[in-house]
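**Student:** Below are the structure tokens for one structure; questions will follow.
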Amino acid sequence: MTAVAAADMPARRTILEATAALCLGLLLAAVGPYGTFGQAPLSERLVYWIGVVLIAFVVYRPACSVGERLARSVQLAPASGWAAAVVLASFPITLFVWLASFRHTPSLWPSFSEYVQFYWSVILIGAGLMLVVWLVRQSIAGPPAAPVELTAAAPSAAAAPLRPQLLDRLPPQLGDELIALETEDHYVRVHTGRGNDLLLIRMRDAVAETAGIEGAQVHRCWWIARAAVTGIERRDRRLTIKLSNGLEVPISRERNGALPAWLKG
């Protein structure tokens, strides 16, 4: 993947997500929820709802990215991070919506009860908005990788070890000791014995390019090399793998039963 393509991918994703948000704003302007249909003509509703949705998108989207990273760090589903981000980001957005609706609200600043009432309306619209963005994001990401993928070299005794194709994508200073692959949004972070690098590639394609190294995908977001495993711990009914570079990798419960014997032992 070229550097230009890698730079264009996040921009393309953001444009598609913002376009989806704009379409939702148009739909809300046409429907006129929360009494706006009878309070304002279509032209005013278009300005109001499109403005509200796009401003909300600008606040919600980075908040959801942070929430997703935090959720992954504690081994929770990314969607839980998005949900928490919507709940928290809706507090400042509620105040913005109140101020944007000053023509149809009784005062410039809301009372506590008015704020709470507005908050529930905002969080409902916000949840719908970020659900649309999530679906757009998932459609760009493509189908998920197979539950467990094993890659192992099978050369004859006299044959030279097969060099994984994935290593050719990395800077030479990272060396040839492949330790783990970790998904980050639409990227894969490749961990080696000398550091890591971020590649614009799907996880299943990256795993396919590890041919020559015995390994397993132990989580939707993680592939590990067998030689890098230094131990396995059980924490609160969850299994965690320790790797030679200090990484601790979660094992998803649904994939535990299909893991190779070398990992279970």
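**Student:** Separation of the range 48-65 and the range 69-94 by C-alpha centroid, Å?
**Tutor:** 15 Å
**Student:** I'd like the Karplus ³J(HN,Hα) series for the range 117-124: coefficients 6.51, -1.76, 1.60, θ = phi - 60°, whole numbers in Hz, and an x wherever there's a Gly or Pro.
**Tutor:** 4, 5, 4, 5, 5, 5, 5, 5
**Student:** How would F118, F96, F91 line up from fewest to most surrounding beta-carbon atoms within 10 angstrom?
**Tutor:** Final ranking by Cβ density, sparse to dense: F91, F96, F118.
**Student:** Continuing with this model, one more query. Ranking W222, W98 by Cβ neighbours within 10 Å, fewest first, what do you get?
**Tutor:** Final ranking by Cβ density, sparse to dense: W98, W222.
Where a number appears in this text, it was derived from the coordinates with a stated rule and is not lab data. All values reported here derive from a predicted model rather than from experimental measurement. For neighbour counting, all protein chains shown are included, and Cβ atoms are generated from backbone atoms with ideal geometry for every residue, glycine included.
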